Amino acid sequence: MQQPTTRAAGPPGALRGWLDALAVVLAGLAAMASVAALGLWLAGANRLPDGGFASVLAGTLALAVGGSVQLDGGAGQFAAVDAGISVMPLSVSLVGAVVMAEVFLRQLRFRAVAGGGELLGRIARTVVLWLVALALLTLGARHTFVVPLGGDLAQSIGGVLGLTPEVGFHADGASTVGIGLAWLLVVLAGTFAVSRRAPLPRALVPYQLAVRPAAFALWLVLLGYLVIGVAAGVLTAIVHGNARQSMAVVLLALPDLVWLAFGVGLGAQWHGRLAGALGLPVPKPLAEVLRAPEGQQATISLGTLADQDARSWWLLPLAAVLLLAAGFLAAYRSPRTVRLWQHAVRFALATAVTVLLVGLWTRADAAYGLSVLGVGIGQGGLGDLLGSILGGSNPLAGLGSGSLTLRPVLWTAVPLAAGWGLLAGGLGALLAARTGRRGDVTAAERG
């Protein structure tokens, strides 16, 4: 007698898929929120009035996935704030990306290969829930701070002039959702490019084997710069005694600084300018270079940084040594059938893509200012006059204006990186061949 076959019910399987996707999204957001909250607390954001910390945290997460935050407000019809921020706190971004990749891979840990339909389904469900999370994040990343005027006289004058000081912010929905989606897709693509545990359909395995050694080696280079940056941050906190601020930089923006140093070490350049104060410590040579005269753009390069501090020249040998080590590791992990010129070309392409991404991630545009009847307030001008009239607690007092711009010169940075990668990949393959073992044995060689 034929036994009836048991079929897996559809709804439970579909529900499991959605729960897996939800786990990926929630784990990433929880990790990012934890790191951002600690960094903001160290930076003093917990002292914000009107319970604004949660909204500032949501705004930081929106920035971490590539969104932008607009600042607005002012004092009635008398004054207006004109500002915006578009800069990625890459420490927060990196933690979220690593956690999401790890959770996504753990759900596939028992597979050597995976079907295309299954992978697309998992990615699609994750994307849908991620878009919902980004939309909710955008709604939460908005707040208005009402700052009271100091003293009865100030309140009276403020009432006559129509001054109701308010400073608020909101996350831009289009950039947060749109670029946040691209951020997730880059994270998933990087996961499959770097990890040996990432299963793909059989037809894509050869392409994965070609990409993975170089991608993994360059990922280790970026991590190496992070380790060096953490050590430098701890040393700075000990020597200069500004532990809270230094650790805030580590938890919010360490990759922004050390990955820029990686690009500069390879000869890449950034253009930018800093006016006003950043609020958190950055390397002094970088801050000095960015303070260009009014109306001019500064060039951040190995030469300009070395003009401020000769120790900046060490960025060149550091980049060369780490890149050569990565080229050797990529060749060592590649199949033995791969030729030397193929190693060099693959590593060159991988290095170019890495520097391209670093350049895009380290872009910064932040402008903040207060205009009164169309007249800009700078340090020591009308702002200080209003401050003396309305009292020290007035938000207009000493607010001033400032800006930070930082843009990579990609049209030179990417070819330079490709050249470095070609050289490091070729030399690394030669070194790997001299060790007596180069690469993994392929299935064809095993027979």
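The values are calculated or read from the model by the stated rules, or taken from the named source; none is laboratory data. Computed from a predicted model, the values in this text were never measured in an experiment. Counting neighbours? That spans all protein chains shown, and the Cβs are built from the backbone with ideal geometry, glycine included. Just so you know, the surface numbers come from the protein's heavy atoms only, side chains and all, with ligands and any DNA or RNA stripped out. Shrake-Rupley method; radii C 1.70, N 1.55, O 1.52, S 1.80 Å.
Would you mind working out the accessible area per residue for segment 268-316, using a 1.4 Å probe, and quoting it in Å²? List each step's numbers first, then the result.
Numbers: 2770 Å² over 49 residues.
Normalised by residue count, the accessible surface of segment 268-316 is 57 Å².
As a rough guide to protection, the peptides 22-29, 404-411 ranked by mean Cβ packing within 10 Å, highest first, stand as 22-29, 404-411. Taking all protein chains together and a 1.4 Å probe, the residues Phe328, Phe169 rank Phe328, Phe169 from largest to smallest accessible area.
Peptide packing: for 290-301, 193-204, the average count of neighbouring Cβ atoms within 10 Å per residue gives the ranking 193-204, 290-301, highest mean first.
Which of the three applies to segment 236-325, rounded, prolate or oblate, going by the alpha-carbon gyration tensor with a ≥ b ≥ c and a/c under 1.5 meaning rounded? Oblate shape, in that a/c is at least 1.5 and b/c is the bigger or equal ratio. Using heavy atoms of the protein chains and a probe of 1.4 Å, the accessible area assigned to Leu254 is about 20 Å².
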